[in-house]
Every structure is written in C-alpha cells, then in structure tokens.
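For reference, the structure discussed in these notes is given below.
The values are calculated or read from the model by the stated rules, or taken from the named source; none is laboratory data. In this text, all values refer to a predicted model and were calculated from it rather than measured experimentally. Cβ coordinates were reconstructed from backbone atoms using ideal geometry, including for glycine residues, and neighbour counts include every protein chain displayed.
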Amino acid sequence: MNDMIPAFEVPPHAEPRRPWRQTGRTVLLNGGVVVVSGSLGALIVATTGLVGLLGWFVATILVLPPIAGAVEAKRGVRAVTSRIVGASVLMMFVSVALPWVSIIWTVISRGAKAFYNGFLTTDMLVNSADDPLNLGGASHAIIGTLLIVVMASLLAVPLGIVTAIYIVEVRGRAARYVRFFTQAMSGVPSIVAGLFIYATVVVAVTHKFNAVAGALALSILMLPTVARTAEEVLKVVSDDLRSASYALGATQLSTTWRVVIPTVRSGLITSAVLGVARVAGETAPLLLTSQYFVKFTTNVIDGPMASLPTYVFANLGVGSENSVARAWAGSTVLLALIFILFITARLIGGRNKKVR
Amino acid sequence: MGVEAEVTPRRLTVGRTRSDKVFRGVMSLGGFTSLVVLGLIAAFLLFRGFEIFRDFGLSFITSSMWDAGSGDATAPARFGVAPMLVGTIVTSLIALVVAVPFAVGVALFFEYYVPPFMKNVFVSMLDLMAAVPSVVYGIWGYSVLMPHAVGWSKSLNHWFGWFPLFRVPAPIFERSPFIAGLLLALMILPITTSVAREVYSQAPRDQIDATYGLGATKWGAIRTVVLPFGKGGLVGGAMLGLGRALGETIAVYLVLNLVFKVNLQVLASAGGNVASLIATRFGEASPYELKALMAAGLVLFMLTLVVNMVASTIVARSRRSS
C-alpha cells in the first residue's frame, strides 16, 4: 500500500505554519490603536467638559472603535464594520468591568479603615456605632450570619437535592411542572419571602423576631438555587452507569444512593455552596425576621440576632462617619465570606470534572 | 430428552420493589416543596391582606395614598400603591434598557472574542458579581455611583430637558429613579449576560464555519447566525433580570427617595418601589398598615411570578429548539 502514495518530501527544518497566529504587524497595529485612542481621549478631556480619570475612560471608550475600524479602511466596508463591532464589544466589557472593579476596590479600601485586631472578635454591646473605630466589632454579626446560614442550609440543601432527584432520577409525571415551579420560585422577591415568614412564623408561632425565622426565609430563597444546580449536576451522570446498576439487579433506591450520588458528590457540594453564597448576603428578608441585635448571642429562638447584612444596614442607617466606616468593614467581611464560598465551590466543582 | 418439555419460563417480577415505591414517594413529596411553598406564600399574603382588598378594592392598586390614619373615624387610613407600582416598573425598565445592550455585547465578547484560556476567568468573574449582595451594591451605589450619576443627570437634563421624561420640577438630582435604574442595571447584568452567553455558546458551529467559508467577517457570522439563534434566550435572560429588578429592596431603598406621588420624570428625586416601601414602613407599621404591606407584597409577588414564569418558559423553549 505504502508505495502507491507518491513520496512527499518534507524539508528538513520546516516550521509548521500557523496562520491563526497574531503577526507582529497586527500586534503593533492594535497597540497603536489603543495608544492613539488613549491620547485622543486625553485631548478630549483637556478641551471639553469631560473631566478626570472617568472622563478620560469614557472618551477613550467612545473613540476607540472608530479608530480601530479606520485601520481596516482599505479592506472594505464589511471589514471596517466587523472591526468596529469587535472593538465596541471589547469596550462594552471594559465599561462594565469598570464599576465591578470599583465595587470590589471601594469595599476593600474603605473597609480597611475600620479594621483593627478586635473587629472580628468583639460585639457592639458596650459600644455605640459612633465610637472610635478601635472599639467594638462585628463578631455578633459574623456568628449570626454563620448560624442563620447553616440552619437555612440544613433545610434547603436536602430539599433542593431531593427536588433535583425527583426531576432527574424519579422522572415522575409532574417532573416538568416541578422544574417549572422551582424556576418560578427562584424569582420570589427576597422581601416577599421575609414577609411570608413574618406572617406565618413570627406572628403566629414565635411571637418575636428570631434567627430560626430568618433561616426559614433564607431557605425559601436558597432552595431553587440548590435544586437547579443539583439538577444540572445529576444530569451529567451517564445513563450507562444507571443501566449497569439496574442490570446487576439494583433497585432505583440503591442505584441513586450508591451509584449516582457518589459519582457527583462534589458537584452536589458545589450546589450547596452556591446556594449558601446566594443567600448569605440577603438583607431584606432578615430585616423582617431576625432583625438586628448588638450582642453576641447564639440563642436562635429567643429574640433578634445580628447578621452581616443587617449589621451593614444598621450602621449605614446611623449615618455618622464612624458608623459608615463600620458598614464598609462589614461589607468587606461579607464580600470576603461570599468570595471564599464561591472559590470553594469552583475548586470542588473543578475537581469533579477532572475525576469524571 | 424430557427435560426441555419441563422448562417453563422463569417468573419475572415486574413493577417496583417496596423500597423503590417508598423512595419514589418520598422524593415526589420533596419535589413538590417548591409548589407548596409558592402556594403557601400566595395564600398567606392573601389571607393577611384580604381585609385591605375588601376595604379598598381596586383603588389599592390605582390610587396614590399611603396614610395610616389616626386609628379613629376622623382620619381613616387610606392605602394605594400606584406610585410604588409605577416606580417599580419605571426603575426596572430603565435597568433593562441600560443592561440588555451591554449584556449582548459582553456575552458576545466572552463567547467569540476572548481567547479560550481567559474565558473561564471572565465567566467566573460574571458568576462572582452575580453573588455580590444587594446591600453591597446599595452602599456602593449610594457613595460612589450617585455623585457621578448626579453629574450625568444634570447633563441629560441640560441637553435633553425638552423631552418630558427628562424634565425636573426642581434642580435636585440625588436619589432619582434614573440612578436607581442604573444601579439595578449593574445588578441584573450578570444574570442577563450569563443566560445570553450560554445561549450564544450553543449557536451551531457548522453554520458559523459555513458563513466564514462564504467569506463572511466575524460580525457577519454573528449577525446572521448567532444573534438570530440567541434571540429567545436573550429575551428570557432579560426577563429573568427584570424579575430580579422588580423585587430588589435594599439597593433601591438606599438610592431612591420614597415619595408617594406617581412620578415619571426619571431624573427627579422622587420615586420608590413596592419592595422598598415594605422595608421602609415595616418597622413602625400599625396592625392595619401591616395588612396593607402584606397586600402590597402579594401584588409584588404576583407581578414577579408572572414575569419569571414567562421568562423561564421562553428560556426553556429556546433551549429545547437548540
């Protein structure tokens, strides 16, 4: 067979060609476009009403796409349009990333001012919000958030996973509707969840604000997130695995319990963590259920309990310089908590993909 | 051999074992939680707010009055959420108008312009911003966005003041529906973008390559294949964002001035939304006013439920067709 193919001489040191690679010329051109737009933006800031760094950003973002298009001028209208769209899309991303970076930067830089050694370990029982920033802290809010979120998870995670199992494993007749209503439930406004728990639990059962009510309200918001993520995760399990298990004579219960769930255990943990990240920062429902209290307490039934979002909200409401600084520091802790949860979820989820 | 004649087919147990029946039963029960909870929310808010609907009827939705009264016959309580309802819709629409073009742009950027190794980083960033709590958006919006946005409002009013919506009764631009709308736009951008991105990523690769084969530019491929393909998903994502914006409480509470008058002048410092009304009045409400708040909550719940159901139907349909 081999001698039927004409010999093809490979030159001894031929480099494979990579036409998709950026050539030095395009890199230079792109850099030129950025530099020209940046200086034009500076010129606009110098001569017109736009001022400051933000003004320069806006001016640059606006002038860059046409300049990028002009570079392609000799290749015709379509090339120019395509280039302008490409540059505009990039600029849209930049202008969206700007506020996001600003949010994270502001929270960290302003929060750092109110931070001191005792911030994480003292409560506000003996200090008022106006006190100097080296007194008092947010320990009561941190423990409150942890307790409320853990209680909410204890309820919402099993229920969410069961909902997902119903949709994916049991595949009951109503699976489509359950899926639909779980989706709809994810749109329940957080304040409505709080109002509902207030109307049922606080008014009718406990007669006072408490952390359990807060956890119940959060679990309403958490359930759909867990259910939807867990559903996506369970769908990934290949039907071959299930068939193999059934072929060995396993019941559906033991197939689910011993085959499906162990396969995606880390994915299910991810769904739980994402659910926690979704609700840890909720303020509105907690204002109506667990409210805010200045003392470090672990009593979840009797009386209100602080949490990080309500700590931020309460300190913001006082409105003095020091209390607002406390609010920023509370935001920093909250944001850090959520980001850590998120990265944890990513790491666990990522590991799952590799194992599979 | 007589053996063959004696062989009868083994009896097969068809149907499920008892343990499976129990398992399926329990899972089904659990699966219906979401349905039950939704039903309970509607039922309880209706139950608590029933008196209000009986006393005020439709005027609870159409009139502009929030007066808890003095508790006796001389100054009866009067409630009507029209301004808050209008404010809810106005701020959410502003958010949608601002967010959707950016969502399309950013989704296209992530899916078709970013090198693959950076795409994962950006997508994680998107998810991360979706998880930023609304109180953080609120405090940032109040102290960082607002000073800038006031300047933008002034320019808008200066250049486009002839347009009725951009007029203001007094030159106060702080805490306006416009600013609340901008902040909401930022808040709904992650969810809208990630739905749009997901749909765009499913655009048929072969059709895109075919347009390239015919000599199309990148924009040509996107315009003729990706955007038409992703239309349904984009609408669904936008409506999911709308549902979020309608129910947002704390961020709006912090950047919007609660005024009980229907206000369509988006740059003026007056507005409100139902959710922030509930948060504002809840603390000091009389039992009767509390019922009115429950009724307002029911109205909000129904509004967002309808929007979300339509949204998830559209998203599901566009997924199925792909």
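Listed values, structure above:
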{"read-out": "Residue under evaluation A:Val188, criteria (1) facing chain B (nearest Cβ under 10 Å); (2) in a helix (DSSP H, G or I); (3) touching a residue at least 12 places away in the same chain (Cβ under 8 Å), criterion not met", "value": "(2)"}
{"read-out": "Cβ-Cβ under 7 Å pairs, at least 6 apart or on other chains, region A:71-89 side more than 9 Å from chain B (Cβ to nearest Cβ), far side assigned to a helix (DSSP H, G or I) and surrounded by fewer than 17 Cβ atoms within 10 Å (Cβ to Cβ)", "value": "A:Val71/A:Leu29; A:Val80/A:Ala73"}
{"read-out": "Scan of region A:170-185 for residues that are more than 7 Å from chain B (Cβ to nearest Cβ) and either touching a Pro at 6+ places or on another chain (Cβ under 7 Å) or part of a helix (DSSP H, G or I) (or both), ordered by number", "value": "A:Ala175, A:Arg176, A:Tyr177, A:Arg179"}
{"read-out": "Subset of region A:296-312 (residues that are closer than 16 Å to A:Met124 by Cβ and touching a helix residue (DSSP H, G or I) at 6+ places or on another chain (Cβ under 6 Å))", "value": "A:Phe296, A:Met305, A:Ala306, A:Ser307, A:Leu308, A:Pro309, A:Thr310, A:Tyr311, A:Val312"}
{"read-out": "Any chance B:Ile41 is more than 14 Å from chain A (Cβ to nearest Cβ), among the β-branched types (Val, Ile, Thr) and not in a loop (DSSP other than H, G, I, E, B)", "value": "no"}
{"read-out": "Unmet criterion (only one of (1) under 24 Å from the mean Cα position of the chain (by Cα); (2) farther than 19 Å from B:Leu96 by Cα; (3) surrounded by fewer than 24 Cβ atoms within 10 Å (Cβ to Cβ); (4) at pLDDT 90 or above) for B:Thr211", "value": "(1)"}
{"read-out": "Among the residues listed as A:Leu54, A:Leu62, the single one being closer than 20 Å to A:Val36 by Cα, at pLDDT below 90 and within 9 Å of chain B (Cβ to nearest Cβ)", "value": "A:Leu54"}
